[in-house]
Amino acid sequence: MNYSINRKACEKCEDCFSKRNCPQDATDEQIDLLKCEGCGICLNCCPNNAIRGGFVEFNVRDIDSKKFNSLRSMKDVFVLDAPSDILGLF
């Protein structure tokens, strides 16, 4: 499962930034989904419940091709080349 930070709820206490609270060093002002392994430690350490799990949508224009290919190899991440590809998922 991928995690995200609700910026409205985040008070920037930086509890999730700690290496002990993120063994993959994937947290900053956002969660680096290429580093995040979904362990949930950051979710449990946030005093403001600003970190949530769930599906995260990506726009290929926002990421470079190397990251795009890395996303394709991630478990439980579906990368579509075109909107019409969603029809093949069902």
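Of all residues in the stretch 1-45, those satisfying the criterion of being in contact with a helix residue (DSSP H, G or I) (Cβ under 6 Å, 6 or more places away or on another chain) and in a helix (DSSP H, G or I) are Asp15, Cys16, Cys42, Cys45. Just one of the listed residues (Cys46, Cys36, Cys42) is at pLDDT 80 or above and out of contact with any strand residue (DSSP E or B) (no Cβ under 7 Å at 6 or more places or on another chain), namely Cys46. For beta carbons closer than 7 Å, sequence separation of 6+ or different chains, a first residue in the stretch 4-25 that is acidic (Asp, Glu) and a second that is assigned to a loop (DSSP other than H, G, I, E, B), the qualifying pairs are Glu11/Asn48; Asp15/Asn21; Asp15/Cys46; Asp15/Pro47; Asp25/Lys19; Asp25/Lys35. Within the stretch 49-81, the residues that satisfy the criterion of being modelled with pLDDT under 75 and surrounded by 11 or more Cβ atoms within 10 Å (Cβ to Cβ) are Val56, Phe58, Val60, Ile63. Assess whether Ser84 counts as being at pLDDT 75 or above and either touching a strand residue (DSSP E or B) at 6+ places or on another chain (Cβ under 9 Å) or exposed (fewer than 13 other Cβ atoms within 10 Å of the Cβ) (or both). It is true that Ser84 is at pLDDT 75 or above and either touching a strand residue (DSSP E or B) at 6+ places or on another chain (Cβ under 9 Å) or exposed (fewer than 13 other Cβ atoms within 10 Å of the Cβ) (or both).
Within the option set Gln30, Gln24, being at pLDDT 80 or above, surrounded by 15 or more Cβ atoms within 10 Å (Cβ to Cβ) and not acidic (Asp, Glu) holds for one residue only, Gln24.
The values are calculated or read from the model by the stated rules, or taken from the named source; none is laboratory data. Not measured: the values here are computed from a predicted model. For neighbour counting, all protein chains shown are included, and Cβ atoms are generated from backbone atoms with ideal geometry for every residue, glycine included.
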